[in-house]
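Below is one structure, written out as structure tokens; comments come after it.
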Amino acid sequence: MTATASDVKDITGSTLDDAVIEPFISAANCILLRIDEVIVDMATGCRDHLEAYLAAHLLTISNVGGSSALVAKESLRGKYSVEYLMPKGTGTGVLGTPHGQTANAMSGGYLAGLDNTPISFNSIGSL
């Protein structure tokens, strides 16, 4: 099982069509393949939650999901529905949204490491 559009909607409060959300889930899955050796032992349900939170992060930072970026929806006692603004993340990259911060925590911090650009040294000629 993988994350679903419904999972992402529950996280973000988005009302977008499932077909609009699916590309963000696919993108999240591709990103998770980069750290697959780290999360391979993660329980399937936990990996699905990680994928859903990462997809929610990707959705909310895009122009498509911008309207869902700061709104959270919560049901209280099954009778009331509350929507409230969430604080923006203070970091960059995956740490730039609360959803990305949650995904990063679930991955043990490995997602934030993907944003680091590897250093390369080039030498021309010799002494």
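The values are calculated or read from the model by the stated rules, or taken from the named source; none is laboratory data. Values in this document were obtained by computation on a predicted structure and should not be read as measured data. With ideal geometry, Cβ positions are generated from the backbone for all residues, glycine too; neighbour counts draw on all protein chains shown.
All told, Leu58 falls short of being under 12 Å from Asn104 (Cα atoms) and either modelled with pLDDT of 85 or more or part of a helix (DSSP H, G or I) (or both). When you look at Ile21, is it farther than 16 Å from Asn104 by Cα, β-branched (Val, Ile, Thr) and touching a Lys or Arg at 6+ places or on another chain (Cβ under 9 Å), yes or no? Yes, satisfied. Counted as qualifying within segment 1-40 are the helices (runs of 4 or more DSSP H) with 1 or more residues that are free of Cβ contacts under 8 Å to residues at least 24 places away in the same chain and surrounded by 14 or more Cβ atoms within 10 Å (Cβ to Cβ), namely 5-12, 18-33.
Regarding His99, is this residue modelled with pLDDT of 85 or more and in contact with a Phe, Trp or Tyr (Cβ under 8 Å, 6 or more places away or on another chain)? So His99 fits the description; yes.
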